[in-house]
Every structure is written in structure tokens, then in C-alpha cells.
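Below you'll find the structure, written out as C-alpha cells, and then a few comments.
The values are calculated or read from the model by the stated rules, or taken from the named source; none is laboratory data. Being a predicted model, the structure only gives us computed values, none of them experimental. Glycine also receives a Cβ, built like all others from the backbone with ideal geometry; neighbour counts cover every protein chain displayed.
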Amino acid sequence: MNMRGRKFGLSEFMYPVFVVTVFVAGVLSGDAFLQDTLIMIFFWAATAGAWNLIGGYGGQFALGHAAFLGIGAYTSTILYVQLGVSPWLGLILGGALAAIIATFLGVVTIRLKGPYFALGTLAIGQVLQIIAVNWKS
């Protein structure tokens with residue numbers, strides 16, 4: 001198969017099959033250690049992918065990824081504890097809320113260049129950390 005001059009081998013098509021197989025095997029195994037290890041592997045892989053998008057392709061040095069991770073995690077947890085919403089649905093809603101807030105803040109900060117973008121994203125992360133620590137309810 002040839003796409004824009006690049007030839008794809010079997011290994012590039014087998015990678016998604018391998019990832020899905022490992023994920024399903026981990027879920028079906030019932031071993032808590034294996035499940036925790038696989039969750040952390042997929043979590044850090046997703047984090048690396050996000051960093052690659054903004055840092056590698058976008059050429060920006062972002063320091064606010066933890067803020068959006070926290071927004072999604074807090075949303076999911078608050079929905080579960082306060083309203084009894086399933087964590088699986090909370091995961092989707094938390095990700096959606098984090099994406100909405102990230103889009104809004106991204107429109108504001110993407111105009112900054114160089115160290116100003118890094119400082120802006122760092123400031124966003126710090127402001128959200130202060131809000132999370134001092135939230136009384």
C-alpha cells in the first residue's frame with residue numbers, strides 16, 4: 001500500500017491489533033496488578049501522545065497538561081461521589097469537560113509564543129491547583 005510515497009508494512013497494521021489484544025487480555029485476566037500496570041501503561045502512552053501533538057507537531061512547550069487531567073479526574077470523581085454516576089460515564093463526561101475547557105483556554109493561550117506560552121500554560125495549571133486545594137465544598 002502506498003500513501004504519499006510511504007510504504008506500510010504488516011507491522012504498522014498489527015500494532016493496533018496488539019494493543020487491543022493486550023487491553024482485552026488485561027481486562028479479562030482478573031489480576032489486579034496486571035490491570036493496574038496496563039492502565040498505567042495506556043495512561044502514560046496517552047500522555048506522551050498529547051505531549052507529542054503540542055510539543056512535537058505544534059512546536060510549543062506546554063506545561064499545563066496536569067490541569068486538564070485534574071479537571072477530568074475531579075469531574076469523574078465528583079459525579080460518582082455526589083450523584084452516583086457510573087465511573088465509566090464519568091470518564092467520558094470528565095474528558096468532555098476537560099476538552100471543552102482546554103479548547104477555550106487553548107484559543108486564549110495559543111497566540112502566545114515561546115516562553116510566554118510555557119508560562120501561560122504553567123499559570124493555568126497553578127491556578128487550577130490552587131482552586132482544587134482551596135475548594136471547600
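Would you confirm, using the coordinates I've provided, whether residue 46 is surrounded by fewer than 12 Cβ atoms within 10 Å (Cβ to Cβ), within 19 Å of residue 15 (Cα to Cα) and not assigned by TED's automatic domain parsing to the domain that holds residue 97? Spelling it out, residue 46 is indeed surrounded by fewer than 12 Cβ atoms within 10 Å (Cβ to Cβ), within 19 Å of residue 15 (Cα to Cα) and not assigned by TED's automatic domain parsing to the domain that holds residue 97.
Per-residue answers, yes or no, for (1) more than 27 Å from residue 109 (Cα to Cα); (2) free of Cβ contacts under 8 Å to residues at least 12 places away in the same chain; (3) in contact with a Pro (Cβ under 6 Å, 6 or more places away or on another chain):
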| site | (1), (2), (3) |
| --- | --- |
| 15 | yes, yes, no |
| 34 | yes, yes, no |
| 54 | no, yes, no |
| 62 | no, no, no |
| 80 | yes, yes, yes |
| 86 | yes, yes, no |
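For the stretch 104-121, indicate whether the set of residues that are closer than 21 Å to residue 44 by Cβ, without any contact (Cβ under 8 Å) to a residue 12 or more places away in the chain and in a helix (DSSP H, G or I) is non-empty. The answer is no; no qualifying residue exists.
So, in the stretch 10-64, of the ones that are of a type in the set (S, T, N, Q) and more than 22 Å from residue 99 (Cβ to Cβ), which residue ends up modelled with the lowest pLDDT? Quick ask: steps written out before the conclusion?
Initial filter on the stretch 10-64 (of a type in the set (S, T, N, Q)): 11, 21, 29, 35, 37, 47, 52, 60.
Pick out the ones that are also more than 22 Å from residue 99 (Cβ to Cβ) and you get 11, 21, 29, 35, 37.
Values: 11: 66, 21: 81, 29: 82, 35: 83, 37: 86.
In this case the residue turns out to be 11.
Any residue at all in the stretch 66-77 that's without any contact (Cβ under 8 Å) to a residue 12 or more places away in the chain, of a type outside the set (D, E, K, R), surrounded by 12 or more Cβ atoms within 10 Å (Cβ to Cβ) and in a helix (DSSP H, G or I)? No, because not a single residue in the stretch 66-77 is without any contact (Cβ under 8 Å) to a residue 12 or more places away in the chain, of a type outside the set (D, E, K, R), surrounded by 12 or more Cβ atoms within 10 Å (Cβ to Cβ) and in a helix (DSSP H, G or I). Looking at the stretch 102-124, can you tell me whether even one residue there is crowded, with 16+ Cβ neighbours inside 10 Å, of a type in the set (A, V, I, L, M, F, W, C) and within 13 Å of the chain's Cα centre (by Cα)? The answer is yes, given that some residue of the stretch 102-124 is crowded, with 16+ Cβ neighbours inside 10 Å, of a type in the set (A, V, I, L, M, F, W, C) and within 13 Å of the chain's Cα centre (by Cα).
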